[in-house]
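Down below is the structure, laid out as structure tokens.
The values are calculated or read from the model by the stated rules, or taken from the named source; none is laboratory data. Here the structure is a predicted model, which is why all the values come from computation and not from measurement. Cβ placement follows ideal geometry from the backbone for every residue including glycine, while neighbour counts extend to all protein chains displayed. Ligands, DNA and RNA are excluded from the accessible area calculation, which covers all protein heavy atoms including side chains. Shrake-Rupley method; radii C 1.70, N 1.55, O 1.52, S 1.80 Å.
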Amino acid sequence: MAADAADPRPARSRARTAATIYDVAKLAGVNPSTVSRALTQPGRVNAQTEARIREAAAQLKYRTNPMARALPTGRTKTLGLLIADITNPVIFGIVRGAEHAAGEFGYTLVIAESQESGEREARSAERILPAVDALVLGTTRLADDQIRELAEAKPLVVLNREISGVSTVTPDLEPGIDQALAHLELLGHAALVFLSGPADSWMSRRRGEALRAGAESRGMTIASIGPIDPTIDGGRGALPRVIASRATAVIAYNDIMAIGLLRAAAEHGVAVPGTFSILGFDDIFGSDFTSPALTTVRSPLAAAGGFAVRRALELAGAVEPDDAAAIEAASLETELVIRGSTGPVRSA
């Protein structure tokens with residue numbers, strides 16, 4: 001009671017002072033520098049001493065401050081991930097893989113969303129650049145020159161886009177696309193349509209090129225419709241043009257567009273498969289919830305996110321290059337997942 005009377009502030013308004021490295025050193029009976037080595041560089045001090053220090057830190061609820069550690073080391077143990085649209089299901093896998101890899105190396109992942117705006121993305125990058133050791137551009141809307149400028153300022157890796165002079169992680173499209181075309185050929189399809197994505201999308205162009213090359217080698221024809229917004233409404237609005245094309249199979253730039261087209265077909269009594277088959281790209285969460293479930297070319301999203309983080313940390317000098325990981329990262333293959341939205345060509 002006397003202590004309360006000496007301090008007129010209500011008990012809940014008194015801020016509890018966080019434990020410092022000096023408090024831990026005093027409790028453990030060692031120098032503050034020894035505490036620093038034990039907590040930030042395991043194995044640098046005697047095992048018994050390190051155990052005593054960690055026990056003291058736990059008792060005092062001491063937490064290391066990454067910004068304070070950055071002063072002598074030059075590293076914040078923080079990594080930035082810039083994405084265009086956090087509501088896009090494609091992002092889920094990328095973020096999960098990136099977060100898992102960041103945590104594995106003791107890094108904190110900071111996520112910034114641009115809402116599909118290159119201008120917002122540039123501002124976000126400028127804002128977090130001083131506070132991170134490296135950047136990963138997950139679904140960037142920046143111009144090539146802007147990305148190169150960022151790469152000169154900070155170690156940087158780009159996902160799903162190739163830019164000369166910049167480290168990139170992209171899936172191997174050919175295996176999945178070859179499987180998709182072989183599947184359609186086996187079902188009797190010869191006239192195809194590709195619903196392309198945004199006009200400035202590197203991945204849409206790359207998928208279209210690979211599809212055209214593969215179709216031509218099999219004696220199949222493939223027309224393009226687009227550019228189309230990579231959304232449910234974008235896919236829904238493509239239905240009249242798909243019907244007019246008289247194609248028997250449609251390959252959409254992404255699963256979201258494919259699902260929109262599938263919904264529009266159901267609303268207008270167009271049989272899928274039957275009138276035409278539909279394939280998507282990515283195998284997002286929920287692509288098997290549709291009726292019929294969507295056939296799609298699966299992209300290794302989580303693996304790509306994880307490898308991008310590892311490569312960024314290698315560029316930053318935070319982890320040693322791993323030849324096995326590099327070989328594995330180079331084999332990020334796509335693969336076909338066959339479900340109910342594709343079927344044999346209906347006889348005339």
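If you rank Arg346, Arg96 by how much accessible surface each has, with a 1.4 Å probe, what is the order from largest down?
Arg96, Arg346
Taking the alpha-carbon distance from Lys26 and a cut-off under 16 Å, which aspartates and glutamates remain once sequence neighbours fewer than 8 residues away in the same chain are dropped?
Glu50, Glu55
Radius of gyration and Dmax for the stretch 108-226's Cα atoms, expressed in Å?
Values for the stretch 108-226 (Cα only, Rg and Dmax): 18.0, 56 Å.
Along the charge dipole of the chain, Cβ charges K/R +1 and D/E -1, which of Thr108, Gly317, Thr275 sits furthest on the positive end?
It is Thr108.
Set Lys and Arg Cβ to +1 and Asp and Glu Cβ to -1, take the dipole of the chain about its Cα centre, and tell me which of Ser201, Thr342, Tyr62 lies farthest positive.
Of the listed residues, the answer is Tyr62.
Tell me, what is the 1.4 Å probe accessible area of His268, in Å² to the nearest 10?
About 130 Å², ignoring ligands and nucleic acids.
Mind checking the angle between helix 47-60 and the chain's longest principal axis? C-alpha axes, 0 to 90 degrees, to the nearest 10.
90 degrees
Under unit Cβ charges (Lys, Arg +1; Asp, Glu -1), what dipole magnitude, rounded to 20 debye, does the chain have relative to its Cα centre?
The calculation lands at about 1180 debye.
Step by step: find N for the chain, compute 2.2 N^0.38 Å, then divide the Cα radius of gyration by it. What's the final number?
Dividing the Cα radius of gyration by 2.2 N^0.38 Å gives 1.30.
Could you pull the accessible area for Glu333 with a 1.4 Å probe, rounded to 10 Å²?
Result for Glu333: roughly 110 Å² accessible.
So, counting K/R as plus one and D/E as minus one, what does the shell of residues with Cβ under 11 Å around Ile278 add up to?
Computed value for this residue: +1.
Tally Lys and Arg at +1 and Asp and Glu at -1 over the other residues with C-beta under 14 Å from the C-beta of Gln115: what net charge comes out?
Once all neighbours under 14 Å are counted, the net charge is -2.
Below 11 angstrom from the Cβ of Ala223, what's the summed charge of the other residues (Lys, Arg +1; Asp, Glu -1)?
Every neighbour counted, the sum reads +3.
Check Phe194: other-chain or 5+ apart residues with amide H under 5 Å from its amide H, H built from backbone geometry?
Those lying under 5 Å, H to H, from Phe194 are Ala223, Ser224, Ile225, Ile251.
Have a look at the DSSP beta bridges in the chain and tell me what percent are antiparallel, nearest 5.
10 percent
Using a 1.4 Å probe, how large is the accessible area of Arg212, given in Å² and rounded to the nearest 10?
Here the accessible area works out near 100 Å².
Which Cα, out of Leu294, Ala210, Ala304, lies furthest along the positive dipole direction of the stretch 160-316 (beta carbon charges, K/R +1, D/E -1)?
Going by the Cα projections, it comes out as Ala210.
Using alpha carbons only, how many degrees (0 to 90, rounded to 10) separate the axis of helix 173-186 from the longest principal axis of the chain?
The angle comes out at about 30 degrees.
Going by accessible area, probe 1.4 Å, with all protein chains left in place, what is the ranking of Ile147, Ile232, largest first?
From most exposed to least exposed: Ile232, Ile147.
Roughly what angle does helix 255-267 make with the longest principal axis of the chain, taking Cα atoms, 0 to 90 degrees, to the nearest 10?
The angle comes out at about 50 degrees.
With r as the distance between the Cβ atoms of Ser167 and Ala223 and R0 = 35 Å, compute the FRET efficiency 1/(1 + (r/R0)^6) and round to 0.05.
Once rounded, the FRET efficiency stands at 0.50.
Quick one: accessible area per residue over the stretch 133-185, 1.4 Å probe, rounded to a whole number of Å²?
Accessible area per residue, the stretch 133-185: 38 Å².
So how much slack lies between Thr20 and Asp144, counting 0.36 nm per residue of separation and subtracting their Cα-Cα distance, in nm?
Answer, rounded to one decimal: 40.1 nm.
Subtract the Cα-Cα distance of Thr87 and Ala153 from 0.36 nm times their separation in residues, and report this length gain in nm to one decimal.
20.9 nm
Please compute the contact order of the chain in relative form: average sequence separation of alpha-carbon pairs under 8 Å and at least six residues apart, divided by the residue count, as a percent.
So the answer I get is 16 percent.
Using only the Cα atoms of the stretch 172-306, build the gyration tensor, take square roots of its eigenvalues as a ≥ b ≥ c, and label the shape rounded, prolate or oblate: rounded if a/c is under 1.5, else prolate if a/b is larger than b/c, else oblate.
It comes out rounded by the Cα gyration axes.
Divide by every residue of the chain the summed helix terms, -39500 (n - 2.57) for each DSSP H run of at least 4, and state the resulting mean residue ellipticity at 222 nm, rounded to the nearest 500 deg cm²/dmol.
Computed ellipticity for the chain at 222 nm equals -13500 deg cm²/dmol.
Taking Lys154 as the anchor, which lysines have their alpha carbon closer than 26 Å to its alpha carbon, excluding any fewer than eight residues away along the same chain?
Lys77
At a 1.4 Å probe radius, carbon and sulfur cover how many percent of the accessible area of the chain?
The value for the chain is 51 percent carbon and sulfur by accessible area.
Using 7 Å Cα-to-Cβ label points, what is the Ala131/His268 separation (nm, one decimal)?
For the pair Ala131/His268, the computed spacing is 4.8 nm.
Normalised radius of gyration for the stretch 229-286, please: alpha carbon Rg relative to 2.2 N^0.38 Å, two decimal places.
In units of the 2.2 N^0.38 Å rule of thumb, it is 0.99.
Give me the distance in nm between label points sitting 7 Å out from Cα along the Cα-to-Cβ direction at Glu216 and Asp200, one decimal.
2.8 nm
Taking 0.36 nm per intervening residue step and subtracting the Cα-Cα distance, what contour gain separates Thr275 from Leu187 on full extension?
30.4 nm
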